[in-house]
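The values are calculated or read from the model by the stated rules, or taken from the named source; none is laboratory data. Nothing here was measured: the structure is a model prediction, and the numbers come from that model. Note: accessible area is taken over every heavy atom of the protein model, side chains too, but ligands, DNA and RNA are not part of it. Shrake-Rupley method; radii C 1.70, N 1.55, O 1.52, S 1.80 Å.
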Amino acid sequence: MPKQMVILVFGDGDELEALKDDAENLDNIVFKGRIPKQCIPSVLSQGYVSILHNSSTDLDKYGQSQNKFFEYLAAGHPILMTYSVGHSVIRNNGCGVELDTQSSDAIAQAIVSLCSLTDSEYQNYCKNAAECVKRYDYRELCNQLISVIKKFL
């Protein structure tokens, strides 16, 4: 477990000011602001865990297709998703933790749990993420689509 847990928050979304207000008395949360798209892989690769936080909707029962999710997966370390979806890439591939209940207590417990993993457990999540992301590579997906199209020609 890291000696000092620091949560870096990147972006400038609609909830930024509310988040800053909520974290006002916390010294281990640092707001870094928006970063250029080309810097995202470098920033993510230096993290220990990526947290994907979003509001759940009825559409989540079908899964998800967020750019952020696949960028986090490509970083090759565990993902904490603070909500659940019907078709869970995380659960199906063992590449992180997906919460059934989105609450501050559940999120805090999951962060502490992920930061308390043994090296072997952590490396297993990393390996699973690295293997999983290969299946979502554009070339792989195009090859699959071509294969399906050829079956009907």
Fill in: Fraction of accessible area attributable to carbon and sulfur, region 103-151 (%, probe 1.4 Å)
55
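Mind checking the per residue accessible area of region 1-151 for me, 1.4 Å probe, whole number of Å²?
Details: 10190 Å² over 151 residues.
Ligands and nucleic acids excluded, the result is 67 Å² per residue.
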Worksheet entry | Stretchable slack from GLN46 to ILE146, in nm (0.36 nm times residue separation minus alpha-carbon distance) | 32.4 nm
Worksheet item: What aspartates and glutamates could a cross-link reach from LYS127, if we take a straight Cα to Cα line under 17 Å and drop same-chain neighbours fewer than 8 places away?
Response: GLU71, ASP119, ASP137
